[in-house]
Amino acid sequence: MHAISIRGVTKRFPGVVALDDVSLDIERGELHSICGENGAGKSTLMKVLSGVLTEFEGQLWVGGRLARFRGTRDAESAGISIIHQELNLVDQLSVAANVFLGREPTRFGMLAERRMEDATRELLAELECGFDARCRAGELRVGDQQLIEIAKAVSLRSDILIMDEPTSALTEAEVERLVRVIERLRGRGVTILYISHKMDEVFRLSDRITVLRDGRWVATKRRSETSPREITHLMVGRDIESASESGRTLGDVVLEVRGLSLPWPGHARGWRLRDIGFQLRRGEILGIAGLMGAGRTELLECLFGAGPEPPRGQILLNDRTVRFRHPSEARRAGIAMVTEDRKRLGLFPRMTVGENITICNLREAARATVLSRRREASMARDTVDRLAVRTPSIGAPITALSGGNQQKCLIGRWLLTKPQVLLLDDPTRGVDVGAKAELYRLMDQLCRERIGILLTSSELPELLTVCDRILVLSEGRMTAEFARGEATEQAIMEAATRGAGPT
Amino acid sequence: MSAVERDRAGDRPGRRGWLGFQPNEWLLACAILVVLVGASVADVNHTYWMNPRLSALDIARQTAFLGIFALGAAVVIIAGGIDLSAGSMIAFSGTMCATFLVLLAPEVMRNPHELIDGKLVARPLGAAVITLAVSGTILIGFLVGTLHTWLITAVGLPPFIATLATLVGLRSLSRAVCESVTQSVFQAKSTQIQIFDPTFRYLATSVWIPMLIFVVLAVAIGVLLRRTVVGRHLYALGGNEQAARLSGIHTSSVKWLAYSLGAVTSAVAGILYIGDQSVADPQTLGRGYELNAIAAAVVGGCSLQGGIGTVSGTFLGALFLRCVIDGIAKIIKTGADIYEGQIVGVVVVIAVAFSQWRTAAGRGRQAFPGVMGGVAVVTLGLLAAVLAMLMTEQIARFVPGAQSLDPRGTGVAFGLIVAIGLAGWKFAQETRR
């Protein structure tokens, strides 16, 4: 008997068939990965399985019984829990309160706090969590918050656990811990459905791998019988060439940083960044590696004048000292930054594709502050054409685009300001494989146009393929610098976890 | 997609519909017509039908008054903020304008009338005095807007709190200023300042001047929002403040503009109101008007989450509110102002609920879920009964042939009908699932 049988499931949204006659069996106790590009229907399928979407065509069998979920509660009582990519926690409540949210144990009609905390502590110990049940959820790091959700699923005694891109915000160390937790859950016979873009994880963990494309089932393969290359090929429907760095030549130093420090008052470490120094040349891609919290984003924000306070030390742009108090000053000087969290820090969700592209450069489309529609539209259209953004029109809402195309719009927004230095903060996060390759090609092309690029990424393989040099940050300090060819994942991880030592 | 198609779509980045109006704005325009037709039928004198010009002018004038400060409220809402102080700002600006008049021309204000050829005639204040007082008042509007911006951006208060403080504070300050100035100039403490100057009163009692002011402001703000760089920045700020800052937009300057426009438009309305009422009475002037302004903006399609809204929508929202209020006043001859609050409340709920219903998220939602839904059905039934009872009482008094109507019986019957209808709806929705 299968843990889950999906029989001919079709789900239509207005104008889109998100799932098209998908049939799939999940065996009891296996770890089954679901792969596919953004928009392939992975998340829709998971929403059907977890009772988030209740209306669809086709049948769903769970544990040999036909399931008709009317909500997530029904799915939970059938033993299915889901850990969403965007976590569903109440930041203001304690860990224990979050684990028991909606099913709090009571005693004489009052909350049984002690019982919740004890039960939660037991769960946390089992999951190797280094935090207490009384911590507020909002104070924890993303990786720890995710473990709260897992603890919740464990406490529900779910025998089927769905994980939707669980590692997209985790550091390498946290990924390792998650892998250990997954192994332990599997030891208890829990069936796991694992959704991920990351081939190395998929191939490390899975028993079987299913590929979806454009809402259709493409293939289900045993791990032992396939290769990452084949799976990627099945996902995209074509081969992906890697970015070519050959024939790029470096120019003069465009950006130099000397002794850059950013104080962190009230924190034991005292510094967010300490004594950072490096040079960036025209036509160079300089990678910045480091765990979450190592100071990657803070470093880029300092260079862009977007930090909460001005940094100490010197920043030189074309050999001239600069000091930005606001992103607008950085923009005028020729520095552009594409921020890490697209939805929160980058997009204007209520605006069109065109409006999102031109927002930084409106003055060029205006005469005496009055906008020329024609000039604005031509600016947006040029960008859409140049970056090959796939959009029905520049008047389409930005939210209708896929993650990769949204990211292209944001990069296009900044290219319109004709930057000399481009700061890219984890630009491929949440972007599918095909679009990633396009972004790498775009970076290469920009380098040939003499732009210097500073790139951070949460994925080491990405830095290793794209960058000419890689700096490693650990707890706000620079602990290593590698040239292309010298760097290996192991060497970078070693430098990224190296303690900063006494101040 | 062909290049031509894309070009055409690209020329309209603002997603405008037919004739530049969005679909919900057309719906609102239809709703206005329905209200006008309904009111002219239900009104025993059929005022709208018998005297269309006068009725239109009256509604236009009232809409202009409301529209002026609703525009300011809309700009603030589009920028992702909220200005609760509009009503108090109207009282404060009215009082300050009167105070300036008293200080600039104490003699005329003390003895406002003189005998000419045996007739009592209002003494003129003079153009210079009025110009100075009006510009001073508008400057004060700008200063209050600046205060709001400072409280929000530099002190870090949420807009709700900052403008709540001025909502409470400015009215009390107006009263204190009024008493102090009347005491020191007239040697008689008073809670209001009378204004009789003919020019000044003409500003507001005329139909065309308030309308002209409104139209000029509407066009200016419309161009600002839709055609200028800073207008786009207002939408960006309301849509995503963090992203706006990281795009190099000076968010504090944009907020400064929004809150200044909010306060200045209220100041302009305040000046017109004291002319209209020929008195500056800080206790009653503009009381509760902040909510009318917000209601007009929201009914007109502005989103309280920011980033969405238009001048045309706000205008239609204001017009709709005024038509409903005016229509009720035509049907019930006296004391219709008692019903104004109820009407604004009901209209806002219906309009916003309707626009939510049209979105995909709102459609699948149950109207009266569970026990709470049941109690809500009872509440709405009771509310309907009370309203029907009050209305029948009025109608029985004014509509000939309707004297025999029993208000209590009608109220109970109407309430029951509403409750049974809603309960049926609840039941139907629950069985369908």
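Structural remarks
- Pairs with Cβ under 8 Å, 6+ apart, first in the range B:306-332 and under 14 Å from B:Gly72 (Cα atoms) and assigned by TED's automatic domain parsing to the domain that holds B:Tyr259, second among the hydroxyl-bearing types (Ser, Thr, Tyr) and outside any helix (DSSP H, G or I): B:Gly309/B:Ser303
- Among (1) outside any helix (DSSP H, G or I); (2) surrounded by fewer than 24 Cβ atoms within 10 Å (Cβ to Cβ) - the single one A:Glu364 does not satisfy: (1)
- None of B:Ala218, B:Ala162, B:Ala244, B:Ala236 is within 14 Å of another protein chain (Cβ to nearest Cβ), under 19 Å from B:Gly262 (Cα atoms) and in a helix (DSSP H, G or I) except B:Ala236.
- Scope the range A:384-398; condition closer than 19 Å to A:Val431 by Cα and within 11 Å of another protein chain (Cβ to nearest Cβ); matching residues: A:Val384, A:Arg390, A:Thr391, A:Pro397, A:Ile398
Per-residue answers, yes or no, for (1) touching a His at 6+ places or on another chain (Cβ under 7 Å); (2) more than 25 Å from B:Thr191 (Cβ to Cβ); (3) not assigned by TED's automatic domain parsing to the domain that holds B:Val102:
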site: B:Ala122; (1), (2), (3): yes, no, no
site: B:Ala127; (1), (2), (3): no, yes, no
site: B:Ile130; (1), (2), (3): no, no, no
site: B:Ala133; (1), (2), (3): no, no, no
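- A:Val370 vs. criteria surrounded by fewer than 16 Cβ atoms within 10 Å (Cβ to Cβ), within 12 Å of chain B (Cβ to nearest Cβ) and in contact with a strand residue (DSSP E or B) (Cβ under 9 Å, 6 or more places away or on another chain): yes
- Matching residues, the range B:91-150, being outside any helix (DSSP H, G or I) and basic (Lys, Arg): B:Lys119, B:Arg123
- Extreme residue, farthest from the other protein chains (Cβ to nearest Cβ), among residues of the range A:399-416 that are closer than 22 Å to A:Ala330 by Cβ and not hydrophobic (A, V, I, L, M, F, W, C): A:Lys408
- Criterion (surrounded by fewer than 17 Cβ atoms within 10 Å (Cβ to Cβ), more than 27 Å from B:Leu84 (Cα to Cα) and either among the polar types (S, T, N, Q) or not assigned by TED's automatic domain parsing to the domain that holds B:Gly80 (or both)) met by exactly one of B:Ser180, B:Ser206, B:Ser247, B:Ser253: B:Ser206
- Inside the range A:316-328, residues that are surrounded by 15 or more Cβ atoms within 10 Å (Cβ to Cβ), more than 14 Å from chain B (Cβ to nearest Cβ) and in contact (Cβ under 8 Å) with a residue 12 or more places away in the chain make up a count of 3.
- Meets criteria (closer than 22 Å to A:Thr369 by Cα and touching a helix residue (DSSP H, G or I) at 6+ places or on another chain (Cβ under 7 Å)) for B:Gly307: yes
- Selection within the range A:74-94 - of a type in the set (Val, Ile, Thr) and more than 13 Å from A:Met163 (Cβ to Cβ): A:Val90
- Exactly one residue out of A:Arg344, A:Arg381, A:Arg375, A:Arg331 is surrounded by fewer than 16 Cβ atoms within 10 Å (Cβ to Cβ), facing chain B (nearest Cβ under 7 Å), part of a helix (DSSP H, G or I) and in contact with a helix residue (DSSP H, G or I) (Cβ under 7 Å, 6 or more places away or on another chain), and it is A:Arg344.
- Criterion: small (Gly, Ala, Ser) and within 10 Å of another protein chain (Cβ to nearest Cβ) - qualifying residue of A:Gly354, A:Gly313: A:Gly354
- Verdict on A:Ala365 being more than 7 Å from chain B (Cβ to nearest Cβ) and either in contact with a helix residue (DSSP H, G or I) (Cβ under 6 Å, 6 or more places away or on another chain) or at pLDDT 95 or above (or both): yes
- A:Leu262 meets each of the listed conditions (1) buried (at least 18 other Cβ atoms within 10 Å of the Cβ); (2) modelled with pLDDT under 80 apart from (2).
- For the range A:17-28, a tally of residues being touching a residue at least 24 places away in the same chain (Cβ under 8 Å) and out of contact with any helix residue (DSSP H, G or I) (no Cβ under 7 Å at 6 or more places or on another chain) returns 8.
- Every residue from the range A:330-359 that is touching a Gly at 6+ places or on another chain (Cβ under 6 Å) and under 22 Å from A:Leu446 (Cβ atoms): A:Ala330, A:Arg331, A:Thr339, A:Ile357
- The criterion of at least 1 residues that are under 24 Å from the mean Cα position of the chain (by Cα), small (Gly, Ala, Ser) and modelled with pLDDT of 85 or more is met, among strands (runs of 3 or more DSSP E) falling completely within the range A:30-108, by A:31-35, A:80-83.
- Cβ pairs under 7 Å, 6+ apart, first in the range B:194-222 and farther than 19 Å from B:His113 by Cβ, second polar (S, T, N, Q) and surrounded by 15 or more Cβ atoms within 10 Å (Cβ to Cβ): B:Leu217/B:Thr265
The values are calculated or read from the model by the stated rules, or taken from the named source; none is laboratory data. Predicted, not measured: the structure shown is a model, and the values here were computed from it. Note: ideal-geometry Cβ built from the backbone for every residue, glycine included; neighbour counts use all protein chains shown.
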